[in-house]
Each structure stands twice: as C-alpha cells, then as structure tokens.
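Below you'll find the structure, written out as structure tokens, and then a few comments.
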Amino acid sequence: MKKYFYLILFCFSACIDPYEVEVAQGPQYLTIDGTITSQAQVHRIRLTRGDTYGSVFQGLIRPVLGATVIVRDNFGNITFLTESQVNQGYYDTPANFAAVIGRAYTLQIQLVDGKVYTSFPETVNPSPPIKNLSYQSKRIPVEGEINDASGVQLIVDLDDPADQNNFYYYRNSEATYVLEARPDLYTTPPPERQPAPKDCCFVCYQTETTGNQAFYLTSDDNFNGLSTKLVAGFISDNGRRFVNTYRIDLRQLNVSQEAYRFLRLVKQQSEISGSVFDPPPANIRGNIISLDDPEEVVLGYFIAAGESQKRVYIKNSALDFVQNKAIIPDDCRTVAGAKISPPSDWNPTD
C-alpha cells in the first residue's frame, strides 16, 4: 500500500505546470545626478535610466549615451561638458571649471532622440571656511554580533555668517591611507600551500573614494551667526584604513534651500527602517523638467554650491578603538590601486 501511495503522489506532482508570471515593464525614468561648485576641478554630471522592475526583475541602471550637456550661467556664459570615454553615462566639465559665487546656473541636456531637459536656476552661495576638522572613534553595536562595528567620526568647527541663511551639505573627497601588508607570510597557491616569503613590499599607499554612509546636512536655523561644532562625516573601519595614517579632504557645500529640502527628503527615505510606521516610499521630484513634456517624471537634482574644504590626517595612535588588523599575506602592491610611493603632497605632520 505504501508503494501505491507514493506512486499516486508522484503522478499528482508530475502534473503540476509552472505558472509563468508576466510583469509589465516599469517606467524608465531619466535620472540626473550632478553638482558643480566654486572649487576649480572636474565636475561630473551622471545621466542614467533605471528599470524599477520588469518581467525578469533585473533592475538595471542604464547609462545615457551621446547626450549634449551644457551648464549656463545667468550672464549667458555656456560651458560644454565632455562625455567620458571611461565611465559611461558621465559628462565632465573642463578641469579648471569653477562656479562663480553669486551667479545662478542652469543645466541643459539634449538626448540623441532630440528631447530637451533643463533644470531650474541654482544660485551659488559662499561657503564659510572650516576653522578646524577633528575626529574621534565611534563604536556601533551590531545586533547578534559579539564585536562592535566601528569607524571615525569627522567633526567640523564653523563660524556661521549672520547675514544669510545657510544650508550645509558635507561630502567626502578622495582619501589616501598607509596600507600595511605581510609579504613574509605569503604561501603558494593551492593545492601546494607552501611558505614562500617575499621581500617586498610591506608598506604601500592606497587611494580610494568613500562616500558617507549617511547624509550629513544641516541648516543654521539654530546657530545662525554663531560658532558651532557639527558632525560632518563618518568613515567605517575595515581593518585596513586606520592601521597607520589615513588622510581625507572633507567638502563643505553651501547649497540652496531647495536643494537642502530635496536632500533632506532623500535622507528621510534612505533611513526608512521597514516598520509599519514608516512613510511609504515615493519618487522624489527634483529641479529638472522636460521641455517637450512637462508631465514627464525626471529624477535627481542639479546642485550648484559654494564649497570649502579641510584636510585631516587621522593617526592610529589618536584613536580610542580600531578593528583588528586585516592581514594581507602578500606584497601590498597586489592590492588594486595601491602604490609604493606616497602622493607628492603627503605630509602627515600638517
């Protein structure tokens, strides 16, 4: 009887046909992400289209190629951006481009299909200098883990001007740190796994770009015209960054009130915890519209801001807590991007 029972069960299971789910293709919204500042450097505008969902649930982000991208100020000066040949979807200003304080800038885009998009004007407000940039260790308890996560918190000393309402947005610039390795522990690849110590190299210099794990922005509503300290950034400790010395430039952008509101909404949505009390996620409209179809949804925001920077060297000896050192049992030059020589302006005694 047991054999008959399994035979009948097998027959029923063999007759089940898979159900093919067909989901309509989601809208492919044009997304624009870019900032120009008063700092003379290459400024980048990124154009993409994102699939929110589809029949195969791929969620692809596609670069927009072949566009004509310009930045125009309120005096009629036009700057053409060049399409990057290395990073698809990125459009770069000339290397010495700097937005002028007090001027208003508009981003204009024409796609290969002829559609034209423009931003609303953004006025460049001056950013006061950062008086001092300090740092401190920060431990972060992790649920279910014995060891805490950790990192370094960046703290800004600032004299806020009293003659204007300011909106500060902080971003990390490119960072460089001393990368320590143990080539004397090198072993041959499997299956042999035999000790084969190398003579070089124990110390390299690693350059990276680390974005903040959260949005650091604030308005001066509570400290207008006063001196204040602000938490302006956080760099996570991965067991390599703070073994010796870590250098970073912090960027302080004084954005417009409209840009601040947009960034604050993005921050609120990115911090949704997943509880029933969270507001429902939604597309946050930016400052860019289609001239061909004003009802078209365009995502992203074009920011024009005054910028000031401050550099800090973070010393391992000044930190209260760091992660256990991540051992690299090989020549440090095998790590992608690592170089044996420091940058020409490397000066930890500053």
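The values are calculated or read from the model by the stated rules, or taken from the named source; none is laboratory data. Since we're looking at a predicted model, the values are computed, not measured. Cβ coordinates were reconstructed from backbone atoms using ideal geometry, including for glycine residues, and neighbour counts include every protein chain displayed.
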Of residues in region 174-198 being modelled with pLDDT under 95 and of a type in the set (D, E, K, R), the one farthest from the chain's Cα centre (by Cα): Glu192
With respect to Val203, is the statement that it is within 30 Å of Gly66 (Cβ to Cβ), modelled with pLDDT of 95 or more, over 24 Å from the mean Cα position of the chain (by Cα) and surrounded by fewer than 15 Cβ atoms within 10 Å (Cβ to Cβ) true? no
Note on region 114-160: residues out of contact with any strand residue (DSSP E or B) (no Cβ under 7 Å at 6 or more places or on another chain) and at pLDDT below 95 are Pro141, Glu143, Gly144, Glu145, Ile146, Asn147
Does region 302-337 hold any residues that are in a strand (DSSP E or B) and either acidic (Asp, Glu) or over 24 Å from Leu158 (Cβ atoms) (or both), and which are they? Phe302, Glu307
Looking at Lys339, Lys315, Lys310 in this structure, which one is surrounded by 14 or more Cβ atoms within 10 Å (Cβ to Cβ), in contact with a Ser or Thr (Cβ under 8 Å, 6 or more places away or on another chain) and more than 27 Å from Arg193 (Cβ to Cβ)? Lys339
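Report, by residue number, each residue of region 194-230 that is assigned to a loop (DSSP other than H, G, I, E, B), closer than 24 Å to Ser150 by Cβ and polar (S, T, N, Q).
Keep residues of region 194-230 that are assigned to a loop (DSSP other than H, G, I, E, B), which gives 194, 196-202, 210-215, 223-226.
Still in the list and also closer than 24 Å to Ser150 by Cβ: 210-215.
Matches in region 194-230: Thr210, Asn212, Gln213.
Let's see how each residue does on (1) closer than 30 Å to Leu107 by Cβ; (2) exposed (fewer than 14 other Cβ atoms within 10 Å of the Cβ); (3) not aromatic (Phe, Trp, Tyr):
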position	(1), (2), (3)
Glu295	yes, yes, yes
Ala304	yes, no, yes
Gln323	no, no, yes
Ser344	no, yes, yes
Pro348	no, yes, yes
Counting just the residues of region 99-150 that are polar (S, T, N, Q) and touching a Gly at 6+ places or on another chain (Cβ under 7 Å), which one comes out surrounded by the fewest Cβ atoms within 10 Å (Cβ to Cβ)? Asn125
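Tell me, please, whether a residue that is small (Gly, Ala, Ser), at pLDDT below 95 and outside any loop (DSSP other than H, G, I, E, B) can be found in region 44-57. Let's see the steps before the verdict.
From region 44-57, those small (Gly, Ala, Ser) are 50, 54-55; that's our starting set.
If we keep only those that are at pLDDT below 95 as well, we get 50, 54-55.
Checking the rest, the ones that are also outside any loop (DSSP other than H, G, I, E, B) come to 50.
There is at least one residue in region 44-57 that is small (Gly, Ala, Ser), at pLDDT below 95 and outside any loop (DSSP other than H, G, I, E, B).
Just to check your reading of the model, which residue among Leu111, Leu158 is under 18 Å from Thr218 (Cβ atoms) and in contact (Cβ under 8 Å) with a residue 24 or more places away in the chain?
Details: Leu111 fails: under 18 Å from Thr218 (Cβ atoms).
Exactly one residue qualifies, and that residue is Leu158.
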